[in-house]
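Report on the structure given below.
Derivation of every value follows stated rules applied to the coordinates shown; laboratory data play no part. The model shown is predicted, which means the values in this text are computed figures rather than measured ones. As a convention, Cβ positions derive from the backbone with ideal geometry for all residues, glycine included, and neighbour counts pool all protein chains shown.
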Amino acid sequence: MKATLLFSALAVVCGTQAYVLRLYEHANYKGDLIGSWDNAINGGTYCHNVNRGRENQVSSFIWTATKLCTAKFIDGRDCHGKMVGRSTGGWWKETLSADANDKIDSVEVTCL
Ligand SMILES: [Ca+2]
């Protein structure tokens, strides 16, 4: 029994992790889609920038992932700047708080 559980855990940790990230211009997933990614990675960290010229506009987002992936929402491009939000696993955010609204410029995704 123990060996079976350990094997299952290892299969999950070593398996491919998938995530979906959508960044919207307005609240309630409206306006232009100013960043969109569907990725599957075997662990590691990736930085996603909003589309060029669309900085300081994100007002809602969809983040769907397994609990092995974490997204950090950052107020500068190239994942440099202040983190204004963080989620491990899924997070649908139809409105953003004042300190995050119209500030997100990049999202750093790390999957185990
Ligand atoms: Ca906005």
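Points to keep in mind about this one:
- Most fluctuating residue given options CYS69, CYS79, CYS47, as computed from a GNM of the chain linking Cα atoms under 10 Å: CYS47
- Only the Cβ atoms of Lys and Arg (+1) and of Asp and Glu (-1) were treated as charged; on that basis the dipole of segment 17-111 about its Cα centre amounts to roughly 180 debye.
- If a spin label sat at a point 7 angstrom from the Cα of THR45 along the line to its beta carbon, the backbone N atoms of segment 92-111 nearer than 16 Å would be those of 106-111.
- Helix 2-14 axis versus longest C-alpha principal axis of the chain: approximately 30°, rounded to the nearest ten.
- Above-threshold pairs, the threshold being 20 Å between Cα atoms, out of LYS72/LYS103; LYS67/LYS93; LYS30/LYS93; LYS67/LYS103: LYS67/LYS103
- Panel order for TRP91, TRP63, by other beta carbons found within 10 Å of each beta carbon, from fewest to most: TRP91, TRP63.
- Net length available on complete extension from LYS82 to ARG54 is 8.3 nm, with 0.36 nm assigned per residue and the Cα-Cα distance removed.
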